[in-house]
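*Asks:* Sending over a structure as structure tokens; questions will come in a sec.
Any read-out appearing in this document is the output of simple, stated calculations on the displayed coordinates, not a laboratory observation. Fair warning: this is a prediction, and the values are worked out from it, not measured in the lab. Here the Cβ positions follow ideal geometry from the backbone for every residue, glycine too, while neighbour counts run over all protein chains shown.
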Amino acid sequence: MVELGEDAPGLRAPVVLVGMMGCGKTAVGTALAQRLGVPFRDTDEAIVAASRMTIPEIFERDGERFFRDRETEVLRRLLAAGPGVVSTGGGVFLRPENRAAIAEAGTAVWLRAELDLLWSRVRHKTTRPLLMTDDPRATLARLLRERGPSYAEAPLVVDADPAYTVADMVSRVIDTLRGADLIAERA
């Protein structure tokens, strides 16, 4: 594996990581941005910073619809910032207008993961308002089934594996981006 350094290739446009909660968008996105030497942006972090509330607090106070509308606004702002890696909340890619905005400004990469892997990563988290149900694993399975068709609209897919480290996933994303000619070699 070749480590990218100061003379690393750059992104031609924003790369937007999409997928289910627990698929690794934030961890992989942070490491990917570092390897590529580009900014990392996170829709959830931007919403929390702007609202000075946690995501569960926003859901409780204002509801999911309000949160999804703010997500769309933040996504557009982060896309307009130019090349970089954008990590999104699991629901961002479900809205057709968000998919269109991502396609217009950059490209989406679906970090696809199986239910067992997702569940192993989210089951002890208290920051997932959609999983605050009597049977969170069944809720996660339902969300995965419902959201799969939307995620499948992403032009690029990188499959997660329980044996992969974050660095392994980053290398796979970089290979996928290179294969799609989305990384520009710097002079």
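*Asks:* Test of understanding: given the chain, find the longest segment containing no trypsin sites (Lys or Arg not before Pro) that are in a DSSP loop and have at most 10 other Cβ atoms within 10 Å.
*Replies:* Longest site-free region, per DSSP loop and neighbour criteria: 53-185.
*Asks:* Okay, moving on. Compare M169, M21, M132 in a GNM of the chain, Cα atoms joined below 10 Å, and give the one with the largest fluctuation.
*Replies:* Highest fluctuation among the options: M132.
*Asks:* Classify segment 55-119 as rounded, prolate or oblate from the Cα gyration tensor: take a ≥ b ≥ c as the square roots of its eigenvalues, call it rounded if a/c is under 1.5, otherwise prolate when a/b beats b/c and oblate if not.
*Replies:* oblate
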